[in-house]
1. Defining a contact as two alpha carbons under 8 Å apart and six or more residues distant in sequence, what relative contact order in percent does the chain show?
2. Work out, step by step, the length gained on full extension between Val21 and Asp69: first 0.36 nm times the residue separation, then minus their alpha carbon distance; give nm to one decimal.
3. Taking Rg and Dmax of the Cα atoms in Å as the quantity of interest, determine which of (i) 19.7, 64; (ii) 20.5, 56; (iii) 12.9, 41 was computed from the displayed structure.
4. How large is ³J(HN,Hα), in whole Hz, for each residue of segment 62-79 in order, when computed from phi with the Karplus curve 6.51 cos²θ - 1.76 cosθ + 1.60 and θ = phi - 60°, using x for Gly and Pro?
5. Tell me the mean residue ellipticity at 222 nm calculated for the chain from its helices only (DSSP H runs of n ≥ 4, each -39500 (n - 2.57), averaged over every residue, nearest 500).
6. If I stretch the segment between Ser29 and Ile96 completely, what's the gain in nm (0.36 nm per residue apart, minus their alpha carbon distance), one decimal?
7. Tabulate in residue order the Karplus-calculated ³J(HN,Hα) for segment 15-26, using 6.51 cos²θ - 1.76 cosθ + 1.60 with θ = phi - 60°, rounded to whole Hz; enter x for Gly and Pro.
8. Just subtract the alpha-carbon distance of Ala84 and Gln8 from 0.36 nm times their residue separation and send over the number in nm, one decimal.
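Read-outs: derived from the displayed coordinates by stated rules, not from any lab. Every value quoted in this text rests on a predicted model; they were computed, and no experiment measured them.
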Amino acid sequence: MRLMRIPQEWDALGMYPDELVQEQLARYSPGDEQASEHDRNGMFHWWLRRNPTSDILVKLAKLTHLDSDTLMAEDVRSHIRRSASYTPQVENALTISA
């Protein structure tokens, strides 16, 4: 996680399950850490493809505020807003920084 600059909160919030870890490890090549934002973006979209509940969206929203790539994080927020489970609570998590 440190190598790919993944905030530890992903693990603390239960948002980095073994299935996701294994998918990332299978695709990893030395040097990928130089563009780790692509892997972190993939983590957000991995969850978004699963039609997450509003509780999961709140966690994802909080995690966007922790990512070092602010442009990517803002793009992810736009995807979260288009999710079927989007609620005012999710919007609150999107607009209040972590």
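1. 30 percent
2. Result: 15.3 nm gained on full extension.
3. The value computed from this structure is option (iii).
4. 4, 5, 4, 6, 9, 7, 6, 9, 5, 5, 5, 4, 5, 4, 4, 4, 5, 5
5. Using -39500 (n - 2.57) per qualifying helix, the result is -17000 deg cm²/dmol.
6. Taking 0.36 nm per residue and subtracting the Cα distance, the gain is 20.6 nm.
7. 9, 10, x, 3, 4, 5, 4, 5, 4, 5, 4, 5
8. 24.6 nm
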